[in-house]
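Please treat every number below as a calculation from the coordinates, not as lab data. Here the structure is a predicted model, which means the values were calculated and not measured. Positions of Cβ are backbone-derived with ideal geometry, glycine not excepted, and every protein chain shown enters the neighbour counts.
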């Protein structure tokens, strides 16, 4: 059974907005130079924070966790190729790119990890990486993990129509028009209220402006349409998802909320039923609970990570960013 966390009465005082170092990452793939950003903050054992893959996701969604975790850890949050807030090349984004990028990050940018905290699809990419390279990630914290994109989830599998949608959105002129119709303010608000945020009012004002800016970055449509149509799904079936968890040799914590959409929740609870997988069930939260309820998520992460450090059973050195 998952451990349940109740809403905390009172408050914790965090030293917000500690000094943050920004790192520019340039990565080559298929002849294209991809520029991405990483934010470093805090001191101590190193935690890698991986945002979800979605039309409105960047490393900034991990900022609330990073601000809190940096009191005890050296944290780094990194954008995924094709996402983030920088211009993005017109590539045929696919899972092999994300597997290669994660390998690049864990061998070139950061090492000696205490843990990886990953949300959504990023959680499943991290889980697969941990199976392939058991000593590379430390512990795993999977926040509302997903493996199936929105349209395949709704339509119970992949359809030939999804390929046609990608080709159409890739085209000049018509592609940006179709994409724009699907990432405007009303659509994003509806999508977020349905399965991303518990409180529809959370995505207003500065939060909404930040998300809209992400969707309007040059080249954003190429990765976004592939996420929505399932082209970035790291796996094809639930059986593969559960097999990864059964094969994983690293300590693993799954965090999810009571308001998780039913189909995603079914996948998560199948995962948490596997012996050895620890889980925390929060009283609130949908798929972006790490943004909306960072205090509760941080509490769960720290219980999972800090106990061994307090007992002195493990000693990992922080790694400075490699500028």
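Along each principal axis of its Cα atoms, how long is the chain end to end? Whole angstroms, biggest number first, please.
Answer, in whole Å and largest first: 59, 42, 41 Å.
Based on Cα positions only, what radius of gyration and what Dmax would you give for the stretch 85-181, in angstroms?
Radius of gyration, then largest Cα-Cα span, for the stretch 85-181: 16.5, 47 Å.
Can you tell me the FRET efficiency between residue 35 and residue 249 if r is taken as the Cβ-Cβ distance and R0 is 35 Å, rounded to the nearest 0.05?
Details: r = 34 Å, r/R0 = 0.98.
FRET efficiency, residue 35 to residue 249: 0.55.
How large is the Kirkwood hydrodynamic radius of the stretch 31-80, in angstrom, based on all distinct alpha carbon pairs?
Numbers: mean 1/r = 0.0883 Å⁻¹.
When all Cα pairs of the stretch 31-80 are included, the Kirkwood radius is 11.3 Å.
If the chain between residue 103 and residue 86 were fully stretched, how many nm would it gain, using 0.36 nm times the residue separation less the Cα-Cα distance?
On the way: separation 17, 0.36 × 17 = 6.12 nm, distance 2.13 nm.
Result: 4.0 nm gained on full extension.
For residue 217 and residue 262, what does the FRET efficiency come to when R0 = 45 Å and r is the distance between their Cβ atoms, rounded to the nearest 0.05? Numbers along the way, then the final one.
Working: r = 32 Å, r/R0 = 0.71.
Rounded to the nearest 0.05, the efficiency is 0.90.
Mind sorting 72, 211 by how few other Cβ atoms lie within 10 Å of their own Cβ, fewest first? Present the calculation step by step, with values, prior to reporting the outcome.
On the way: 72 18, 211 24.
Taking fewest neighbouring Cβ atoms as first place, the list is 72, 211.
Taking the square root of 5 times each eigenvalue of the Cα gyration tensor, what semi-axes in Å does the equivalent ellipsoid of the stretch 177-226 have, largest first?
On the way: eigenvalues 77, 28, 16 Å².
They are 20, 12, 9 Å, listed from largest to smallest.
Counting helices only, and only those DSSP H runs with n ≥ 4, report the 222 nm mean residue ellipticity of the chain as the sum of -39,500 (n - 2.57) divided by its residues, in deg cm²/dmol to the nearest 500.
On the way: 13 runs with 127 residues, N = 323.
Dividing the helical sum by the residues of the chain leaves -11500 deg cm²/dmol.
Please work out how much length the chain gains when fully extended from residue 190 to residue 131, using 0.36 nm per residue of separation minus the C-alpha to C-alpha distance, in nm with one decimal. Provide the component values of the computation, followed by the final result.
Details: separation 59, 0.36 × 59 = 21.24 nm, distance 3.63 nm.
Using 0.36 nm per residue and subtracting the Cα-Cα distance, I get 17.6 nm.
Hey, rough spin-label estimate for residue 178 and residue 22, points 7 angstrom out along Cα→Cβ, what's it come to in nanometres?
3.4 nm
What distance in nm separates the simple spin-label points at residue 306 and residue 154, each placed 7 Å from Cα in the Cβ direction?
4.2 nm
Let's test this: bin the Cα-Cα distances of the stretch 27-133 at 10 Å from zero up to the farthest pair and state each bin's percent.
Going out from 0 Å in 10 Å bins, the stretch 27-133 shows 14, 50, 31, 5 percent.
Given labels modelled 7 Å from the Cα in the Cβ direction, how far is it in nm from residue 206 to residue 238?
Placing both labels 7 Å beyond Cα along the Cβ direction yields 4.1 nm.
Can you tell me, using C-alpha contacts under 8 Å and at least 6 residues apart, the relative contact order of the stretch 129-225 as a whole percent?
Working: 38 pairs, mean separation 23.1, N = 97.
Worked out over the stretch 129-225, it gives 24 percent.
Would you mind ranking 208, 155, 252, 62 by Cβ crowding within 10 Å, fewest neighbours first?
Numbers: 208 16, 155 12, 252 24, 62 30.
So the residues, fewest neighbours to most, are 155, 208, 252, 62.
How far is helix 262-272 tilted, in degrees, relative to the longest principal axis of the Cα atoms in the chain, given as a value from 0 to 90 rounded to the nearest 10?
Taking the Cα atoms of the chain, the angle to 262-272 is about 40 degrees.
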